[in-house]
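Working notes, structure below.
The values are calculated or read from the model by the stated rules, or taken from the named source; none is laboratory data. Small disclaimer: the values here were computed from a predicted structure and weren't measured. Methodologically, a virtual Cβ is constructed for each residue, glycine included, from the backbone with ideal geometry; neighbour enumeration extends over all protein chains shown.
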Amino acid sequence: MTASRDTAGPGDVAEPILGASTAATPPVQGGSETIALSGTPLDIANQQAGTQTLLRGLAILEAAAAGARDMRAFAAALGTTRSTTHRLVNSLVQARYLRQTQNGYLLGPKLIELGTIALEQMPLTTVARPHLERLAQATLDTVHLGVRDGDDVLYIDKISSQRGLEMRSRIGHRMPLASTGIGKALMLDMGPQAWSALFDASRRALAGVTFKPDNRPDQPVFLQRMARYSAGGFTFDLEENEVSIRCVAAPVRDASGAIIAALSVASTIPYMPLERMDELVPVVQREARGISEELGWRAPQGTRRIKR
């Protein structure tokens, strides 16, 4: 393929050549920000054009992620001429941010490489910790972060209650998924068959544990609750794991939308009446959503919460 000589269309700004040197001048004060500008009008124009080119390139990647596949769709999304769009797309293909296929342009392997590095640089506990602290400060209750480990939930972080209460949970502790609020939050995307299997696994694991009173539901009630929880995006523990302990939990999702963790707020009945549990649902969901968004998740349109 031979390169064609492009001319800038109306409204286009000539794009700078990467690596071109410009003489630096003292920064210019602009409102609350300090902006470093080069000296000549041409330098300033080139710098502004560089920012414009960067933003246009990012907009093309966003458009490709949203389903744009050809030059016409990219040009419509950016509002640029065909020549400018062609130049930007070709540059992104050469840099492997896009790849050209028989079905049009798709996101390229370079983004996978960078995404993998980004995930390595953002361990779950590091990303989640500020959200757990905010939740603990807002509720004064015990806050947990957990992940699935087989049929169990594995607690990977915990902030103890500020009310002087202590629970048996600890970092590294495991409990059956179906017996805890945080474990059930990890199960929300599963179907009734998986819920039933995990319910049975929980009963087997806790066969020697006695509860007085025993608030563990039978399987039909458990499945009915899970269906409501799944629709609402939250779960409750109604003294099903430990006498007098209740909790509100919500799932954490990654960029693919998969549930990879869950967080919960737990306390004793005097601090967790059913009315307060309902009030805590959006509070817990907000922090779980904040962690998810930092991990690349985007909320689908039209989500809603259904109470128990």
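Would you check if residue 111 is surrounded by 15 or more Cβ atoms within 10 Å (Cβ to Cβ), touching a residue at least 60 places away in the same chain (Cβ under 8 Å) and within 18 Å of the chain's Cα centre (by Cα)? In short, no.
Residues that are over 28 Å from residue 248 (Cα atoms), modelled with pLDDT of 90 or more and either in the same structural domain as residue 262 (by TED's automatic domain parsing) or hydrophobic (A, V, I, L, M, F, W, C) (or both) do occur in the stretch 94-105.
The set of residues from the stretch 68-102 being of a type outside the set (Val, Ile, Thr), more than 10 Å from residue 57 (Cβ to Cβ) and assigned to a strand (DSSP E or B) comprises 99, 100.
Looking at 279, 275, 240, just one residue is acidic (Asp, Glu), part of a loop (DSSP other than H, G, I, E, B) and in the same structural domain as residue 158 (by TED's automatic domain parsing), and that residue is 240. On inspection, residue 222 passes the criterion of being assigned by TED's automatic domain parsing to the domain that holds residue 127 and farther than 29 Å from residue 125 by Cβ. Which condition number does residue 168 fail, the rest of (1) in contact (Cβ under 8 Å) with a residue 40 or more places away in the chain; (2) more than 22 Å from the chain's Cα centre (by Cα); (3) surrounded by 13 or more Cβ atoms within 10 Å (Cβ to Cβ); (4) more than 30 Å from residue 64 (Cβ to Cβ) being met? Of everything listed in (1) in contact (Cβ under 8 Å) with a residue 40 or more places away in the chain; (2) more than 22 Å from the chain's Cα centre (by Cα); (3) surrounded by 13 or more Cβ atoms within 10 Å (Cβ to Cβ); (4) more than 30 Å from residue 64 (Cβ to Cβ), residue 168 misses just condition (3).
One residue stands out among those in the stretch 119-135 that are more than 15 Å from residue 260 (Cβ to Cβ) and in contact (Cβ under 8 Å) with a residue 60 or more places away in the chain: the one that is surrounded by the fewest Cβ atoms within 10 Å (Cβ to Cβ), which is 134.
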